[in-house]
Amino acid sequence: MTSRPLAVIVLAAGKGTRMKSDTHKVLHPLAGRPMLLHLLSVVEGLAPAKTVVVVGAGREQVEAAVVPLGVTVAQQVEQLGTGHAVQQAENALGTFVGDVLILYGDVPLVTEATMRRMIDRLHSDEAPAVVVLGFRPEDPGAYGRVIADRGGRIERMVEFKDASAEERAETLCNSGLMAVRSEDLFDLLRRVGNDNAAGEYYLPDVVMLAGADGRPSAVIETGVAEVTGVNSRAELAALELVWQEQRRRQAMDEGVTLIAPETVWFSHDTRLGRDVIVEPNVVFGPGVTVADKAIIHAFSHIEGATIGEGASVGPYARLRPGAVMEKGARVGNFVEMKKAVLGEGAKANHLTYLGDAEVGPGANIGAGTITCNYDGFFKYKTHIGAGAFIGSNSALVAPVTIGDGAIVAAGSTVVSDVEKDSLALVRPPQTAKPGWAAKFRSVMRARKESR
C-alpha cells in the first residue's frame with residue numbers, strides 16, 4: 001500500500017426503519033458484535049490517520065459505541081443522499097491530505113485485503129480519480145450499475161432508477177464503497193447535483209464528474225458476501241449465516257473437528273486450538289478460548305470461558321463468564337460454572353452448579369452439588385482443595401473452605417470450613433420404624449374407601 005496517510009469515512013446515517021428497532025441499525029450484533037464495530041476492527045488494521053462515522057438519527061447511540069475507540073462522529077441532519085452524507089465528514093477531516101476510503105456501517109464483512117486492493121489500484125500507473133468496488137450478484141435487482149471495459153476502466157455509472165433497459169442488463173453492480181484522494185473528493189462532491197429520479201445527491205456521480213474532467217476512474221471486483229448490506233432482520237440473519245459458514249470453514253482449516261458444522265455457532269472472538277473436537281449444537285458466546293485437544297460435547301453453551309488443554313465439556317453444559325477449566329478438567333451434563341476455576345484434572349460430571357468457586361487439582365464434585373454463593377445481597381467464594389471429594393447432593397454455603405483431600409459426605413450442608421483430610425458429615429442420623437409403612441398403607445386405604 002502507498003505511504004500516503006489514510007482517512008476512513010463510514011456512512012451510518014440511514015434510519016433503518018425496516019429493522020423496527022430502538023437500537024441503531026449499525027449496532028445490531030453480528031456474531032455477538034455490533035456490525036459497525038466489526039467494520040471498524042478491520043479498519044484498524046489499516047492504521048488510518050482519521051476515522052469519521054457519519055450518522056443521522058440515533059447519533060447518541062453510535063457516539064457511545066465509537067468515541068471510546070478514538071473515532072469521530074459527524075451528523076447528517078437531512079437525509080439527502082450518499083454524496084451529501086460524505087460531505088458531512090469534511091469538517092471532521094479538517095486539513096487532512098491523503099487517501100480516503102468510503103465505507104458503510106451496515107456492510108460489515110468487507111476485508112482488509114479488499115480495502116488494500118482499492119488503495120493500491122488508486123495508486124496504480126493509470127492513477128484513476130476514483131476506485132469503485134463492484135460485485136456481480138445473482139440478481140442485480142435495484143443496484144446501481146457499473147459499465148466498464150475489461151481492464152476495469154469505468155465508462156459510466158448509473159443508479160437503477162435512472163438506468164435504461166440496456167444499462168440494467170449489465171451485471172456489474174456498484175457496492176457504494178470507494179477510494180479517492182482527499183484533494184479530489186470534496187471538490188467533486190460540491191459539483192454533484194440532484195437532478196435525478198430520487199432528487200438526491202448521489203456519491204457515484206463523482207466518477208462521472210471526474211471523467212468529464214478527463215480523469216477516468218476504475219472498478220475492482222469482489223465477492224457478494226463482502227459487500228452484502230443489512231436493512232432488515234431477515235437480511236441480518238442471512239448475513240449471520242454467511243459469517244458463520246466462513247468461520248466454520250476457517251476453524252476446520254486450522255485443525256478443529258466440527259462433527260456437524262452447520263449446527264455450531266461461533267462468536268466474533270472465539271479462539272480454538274488444534275485438534276479440538278466440537279460436537280453438534282454447540283454455541284460459543286463472546287470471550288471463549290479453547291486450548292488444544294479439548295472436546296466440547298453436544299448442546300453445550302459457552303461464553304466468557306477459558307477451557308484448558310484436553311479438557312472435556314458437556315454434553316448439555318453451560319459455562320458462563322469467568323469460568324476456567326484447567327488442563328484435563330471435566331464438566332458433564334447439566335453442569336453450570338460461573339466465575340469459577342476447575343483445577344487440573346478436577347471433575348464435576350453432572351447436575352452441579354459451581355459459582356464464585358475455586359476447585360483444586362484432582363478434586364471430584366459429586367452430582368447435585370451446589371456452591372451457595374449468594375445471600376440476596378452479596379456474593380461469597382467457595383474454596384475446594386486439591387484432591388477433595390464432595391459427595392452427591394451437597395450444599396456448600398459460602399464463604400467456606402474445604403481442605404485438601406477432605407471428604408464431604410453425600411447430602412451434607414456445609415456451613416463451616418472443613419480441615420484437610422477430614423470428613424464432614426452434616427446430616428441427621430438415619431432411623432427406622434419396623435412395620436410403619438405397612439400400617440400407613442392400611443390406614444390410608446381404609447380412609448380412602450370410607451370416602
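The values are calculated or read from the model by the stated rules, or taken from the named source; none is laboratory data. Note that the coordinates shown come from a computational prediction; the quantities given were computed from them, not determined experimentally. Backbone-built Cβ (ideal geometry, glycine too); neighbour counts: all protein chains shown. The protein model used for the area step is the full one, side chains on, heavy atoms only, and it has no ligands, DNA or RNA in it. Shrake-Rupley method; radii C 1.70, N 1.55, O 1.52, S 1.80 Å.
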- Note on the structure: Output for Cβ contacts, cut-off 9 Å, separation at least six or different chains, first residue over 20 Å from I102 (Cα atoms) in the range 134-158, second among the basic types (K, R) and assigned to a strand (DSSP E or B), reads I147/R156; A148/R156
- Does H28 qualify as being more than 26 Å from L185 (Cα to Cα) and buried (at least 23 other Cβ atoms within 10 Å of the Cβ)? no
- Query: Picking from G176, G151, which residue would you name as being farther than 28 Å from T23 by Cβ and of a type outside the set (S, T, N, Q)?
  - Reply: G151
- Query: Of all residues in the range 284-296, how many are aliphatic (A, V, I, L, M) and assigned to a loop (DSSP other than H, G, I, E, B)?
  - Reply: 3
- Which pairs do you get when a residue that is touching a residue at least 60 places away in the same chain (Cβ under 8 Å), found in the range 274-289, comes within reach of a residue that is open to solvent by less than 10 Å² (accessible area, probe 1.4 Å), reach meaning Cβ atoms under 7 angstrom, with the pair 6+ apart or on two chains? G285/S267; G285/I302; P286/S267
- Message: Which count do you get for residues in the range 410-451 that are surrounded by 10 or more Cβ atoms within 10 Å (Cβ to Cβ), β-branched (V, I, T) and in a loop (DSSP other than H, G, I, E, B)?
- Response: 2
- Item | Tabulated pairs, the range 404-416, first within 14 Å of I384 (Cβ to Cβ), second outside any strand (DSSP E or B) and among the hydroxyl-bearing types (S, T, Y), C-beta under 7 angstrom, 6+ apart or interchain | A406/S422; V408/S394; S412/S394; V414/S394
- Task: Can you work out which of the residues in the range 22-51 that are closer than 21 Å to V97 by Cα and assigned to a loop (DSSP other than H, G, I, E, B) is farthest from the chain's Cα centre (by Cα)?
- Result: A49
- Message: Take the conditions at pLDDT 95 or above and in contact with a Lys or Arg (Cβ under 6 Å, 6 or more places away or on another chain) and apply them to G435. Does it pass?
- Response: no
- Across the range 259-272, what is the total count of residues that are open to solvent by 10 Å² or more (accessible area, probe 1.4 Å) and small (G, A, S)? 1
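Could you tell me whether R248 is of a type in the set (D, E, K, R) and surrounded by fewer than 17 Cβ atoms within 10 Å (Cβ to Cβ)? Step through it out loud before you land on a result.
Details: of a type in the set (D, E, K, R): yes; surrounded by fewer than 17 Cβ atoms within 10 Å (Cβ to Cβ): no.
Answer is no for this residue.
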- Note on the structure: Per the filter on the range 1-20, residues hydroxyl-bearing (S, T, Y) and in contact (Cβ under 8 Å) with a residue 40 or more places away in the chain are T2
- Does the range 397-409 hold any residues that are more than 18 Å from A329 (Cβ to Cβ) and outside any loop (DSSP other than H, G, I, E, B), and which are they? V397, V400, T401, I407, V408
- Do we have any residue at all in the range 203-218 that's surrounded by fewer than 21 Cβ atoms within 10 Å (Cβ to Cβ) and touching a Gly at 6+ places or on another chain (Cβ under 7 Å)? no
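Return yes or no: is E44 open to solvent by 20 Å² or more (accessible area, probe 1.4 Å), among the acidic types (D, E) and either in contact with a strand residue (DSSP E or B) (Cβ under 8 Å, 6 or more places away or on another chain) or farther than 27 Å from A238 by Cβ (or both)?
no
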- Name every residue in the range 142-165 that is acidic (D, E) and modelled with pLDDT of 90 or more, in order of residue number. D149, E155
- Task: For A294, state whether it is within 20 Å of E279 (Cα to Cα), modelled with pLDDT of 95 or more and either β-branched (V, I, T) or open to solvent by less than 10 Å² (accessible area, probe 1.4 Å) (or both).
- Result: yes
- Task: Please find, within the range 220-261, the residue that is nearest to the chain's Cα centre (by Cα) out of those that are free of Cβ contacts under 8 Å to residues at least 40 places away in the same chain and under 20 Å from C173 (Cβ atoms).
- Result: A238
- Message: Restricting to the range 177-202, and then to whatever is outside any helix (DSSP H, G or I) and in contact with a Gly (Cβ under 8 Å, 6 or more places away or on another chain), can you tell me which residue is modelled with the lowest pLDDT?
- Response: A198
